[in-house]
Amino acid sequence: MPEPDFATLFADVRPLRDSKRAHPARPAPPHWPRRQGGDAGTNALPEASVIAQMSGWFDRGEEPDTHLASGVARITLKRLVAGHFPVVATLDLHGMDRYAAHGALALFLHRARSRGACVRVVHGMGYGSRGEPVLPRMVRRWLACHPHVLAFTPAPAIAGGQGALLVLLRRAVPSSTDYP
């Protein structure tokens, strides 16, 4: 069954009327950050600069190469490393920024659960990044926090090496509507 698109789901939604309330303008507090150099009379930082500053706020440092969810037997990770599980789907994140990659990864994991247990996520080595590589570290963090990821490990050299991950997923429980 195809997934319904957003426009059809919310076709009957109408925007709220304007409340015509007056919103008092507040002066900016004096402690807001000021742009370094350049025009000292403006308070706003450029968007790219703000995003660059915020990108390190929640980083915990280096992410581990492998991950095993709590409650999962260690033999499961050993089997994943040994290639015991067949790869049923692959997602290539090359050329995506962190926001597009996060959305694509979430949708891919959701859909891949019904296809099998093991998937490959290719994030690349980050050589095309300006500055330090972002996706390899962030993909590992996203996968470690995802509730349906049981384990992940770098792929074998022939399947992408350090630029790809083999991910073991918790299988989707079939609903009662799947059976006649």
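Values in this text are rule-based calculations from the coordinates and carry no lab data. Remember, it's a predicted structure, so these values are computed and weren't measured experimentally. Positions of Cβ are backbone-derived with ideal geometry, glycine not excepted, and every protein chain shown enters the neighbour counts.
If we sort 156-169, 86-99 on the protection proxy, mean other Cβ atoms within 10 Å, highest first, what's the order? Don't skip to the answer; put the middle values down first.
On the way: 156-169: 18.5, 86-99: 14.2.
Ranked by mean Cβ neighbours within 10 Å, highest first: 156-169, 86-99.
Calculated FRET efficiency, ILE75 and TYR99, Cβ-Cβ r, R0 30 Å, to nearest 0.05? List each step's numbers first, then the result.
Details: r = 37 Å, r/R0 = 1.22.
FRET efficiency, ILE75 to TYR99: 0.25.
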Nitroxide proxy distance, nm - points 7 Å out along Cα→Cβ at ALA106 and ALA159: 2.7 nm
